[in-house]
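Everything below concerns the one structure shown next.
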Amino acid sequence: LSDSIGGSFSASSHRCHHKQKHCLPISQCGALSISPLLFHPHTKGSQIIMDTTQKAVKRQASFCNAITFSNRPIVIYEQVRLKITKKQCCWSGALRLGFTSKDPSRINPDTLPKYACPDLVSQSGFWAKALPEEFANEGNIIAFWVDKKGRVFYRVNDSAAMLFFSGVRTAEPLWALIDVYGLTRGVQLLDSEIIPPDCLRPRSFTAIRRPSLRRETEDTRLSVSLCDLNLQEETFHVTATTCPIPQNSLNSQHSHLLPSQLESDLRFHHLRGPHVKILDDQTVARLEHAREERTLVFTNRPLRINETIFVKINKSNAVRTGTLSYGVTSCDPSTLRPSDLPYNPESLVDRKEFWAICRVVVPLQSGDILGFMVNSDGELHLSHNGAGTGMQVCVDCSQPLWMFFVLHGAVTQIRLLGSTILADRLGLSTPSSPTSTPNSPTVLCSGVSDPILSTCGSGPLCSSISGTAPNSPISLPESPISPSVSGPWGDECTICYENMVDTVIYSCGHMCLCYSCGLKLKKMANACCPICRRAIKDIIKTYRST
């Protein structure tokens, strides 16, 4: 005996013996005396977990294998209502919705494919399409239904109804098909409603807030307001399009690059440059100005030690030059104003707080995943698509550090995927590993005129990456150019690289200078520690016991 999609039943498969039903007739406006709409208890994807009420489901892992069905046929004009209860931002694509004329009780769950689109919809008797990602936010209520002409409509919360797709055969019983895919991690079935056409009061298409309706230029999804349709026009027909799913292969690649569990509390801070826009529950930053003038964005909280932050390049433009800049700062973004954010982000190092800024040197493309981690030694490590690129810069991790990004060049949109404490998941090297050799970060000059005090002179820390902190008070990184490191601090002054370190800076406590350089630095206007950028109140000469 074969099931409805060509697979064979196992001995333990649930079978339901009943006669075929036709779609129930439409009653007058209001409720119809039918059984509650639930999820089918047995026919579901391998990653689906269902509660005892059969009203809520959740995908336990991965991004697919989460197809579900209703427990009974739906009625023409019956609105299947779903509440999105869980969102996971590390994937592409979102909920897939539709109908099937195949009785789920006659489908062997083991034969269900990974994806509703395009796997199921390529078979006879299945119709589905992807919900636009911008509507797939937690708390949103999605309603979808089919009319007597086989057209499927949907609405989000109290928005106007929109045409989803058409071509559904309504002469046969239809069950709801719901694929908890990608960004959508959990949904809950609400009470369904039956609203015949004469009870529909569609609003204008502009009733939906404009930001939620923004479409990218390459988006081929079809959404038409009911107000633009003549519901009495018998000759109306829209050709059903297959669901374009480039996300399946993309998500398959990402599933090998990301941990199975990501913390989702990380967001972009509300403070941002005026030429960048924050979208999708503050997880997406998009360039909004062609001149790339002021595009800084910050994390909404400080980083945790050994926490890896995953960032996806959502969109890139190959015809533009330049790449993504990133860094860390001890400055709480809540204390800044948009006017404080400069046109040139490298000028931030002239502020009194600690700022370190770098650039991703490898070419970036849409879909690339970057990982950033600051370990307990103050080493900031970077990974690109699972490959560790080593330590980029040393920072002062003795104080809270917020991460920031600057969109420019080819990178026009990024997404915060989440974070995890598993630092070695993407091959992020530990301090003892061979790949932890620093990429020779430089120290940006801060208006120092004395050549002996200029930290941009020749030395092991001079290269193409800018920052205000060349090293950490905990660990000076080894470098092939500067091998003379012994004990917890280097022996050489980090300014002149000639004299021994013998001076403590008060009040931050960093020990990185010789007494001669310390005296000269203290006399300068707005003197600050070269590591943490705190104001220098005094310098204290120390003596080591022999």
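Annotations for the structure displayed:
- Calculated P(r) tail over 20 Å for the stretch 29-99, as whole % of Cα pairs: 34 percent
- Protein accessible area in the stretch 71-150, 1.4 Å probe - carbon and sulfur %: 43 percent
- Over 31 Å between alpha carbons, listed pairs 83/277; 44/315; 44/277: 44/315; 44/277
- The string of couplings for the stretch 165-181 from the Karplus curve (6.51, -1.76, 1.60, θ = phi - 60°) is 6, 9, x, 6, 7, 8, 6, 10, x, 10, 10, 6, 10, 9, 10, 7, 10 Hz, one whole number per residue in order, with x for Gly and Pro.
- Partner lysines whose Cα lies under 23 Å from the Cα of residue 537, excluding those fewer than 8 positions away in the same chain, are identified as 352, 520, 522, 523.
- Karplus 3J(HN,Hα) series, Hz, for the stretch 528-545 with 6.51 cos²θ - 1.76 cosθ + 1.60 (x for Gly, Pro): 9, 5, x, 9, 9, 6, 6, 4, 8, 8, 6, 10, 10, 6, 10, 10, 8, 6
- For residue 492, the residues 5 or more places off, or on other chains, whose built amide H falls under 5 Å of its own are 501.
- Simple spin-label estimate for residue 305 and residue 110 gives 5.1 nm between the two label positions (7 Å along the Cα-to-Cβ direction from each Cα).
- Net charge of Cβ neighbours under 9 Å - reference residue 510; Lys, Arg +1; Asp, Glu -1: 0
- Taking all protein chains into account, the per residue accessible area for the stretch 44-192 stands at 28 Å² (1.4 Å probe).
- Unit Cα scatterers, Debye sum, the stretch 258-421: log10 I(q)/I(0) for q = 0.12, 0.16 Å⁻¹: -0.46, -0.88
- Annotation: amide H of residue 140 within the under-5 Å range of 84, sequence separation 5 or more or interchain, hydrogens built in the peptide plane.
- In sequence order, calculated HN-Hα J values of the stretch 339-347 (Karplus, 6.51, -1.76, 1.60; Hz; x Gly/Pro): 5, 6, 7, x, 5, 9, x, 5, 6
- Too-long pairs where the Cα-Cα distance tops 28 Å, listed order kept, from 102/148; 86/312; 58/149; 102/312: 58/149; 102/312
The values are calculated or read from the model by the stated rules, or taken from the named source; none is laboratory data. These figures come from a predicted structure and were not determined experimentally. Cβ atoms come from the backbone with ideal geometry, glycine included; neighbour counts cover every protein chain shown. To get the accessible areas, we keep the full protein, side chains included, count just its heavy atoms, and leave off ligands, DNA and RNA. Shrake-Rupley method; radii C 1.70, N 1.55, O 1.52, S 1.80 Å.
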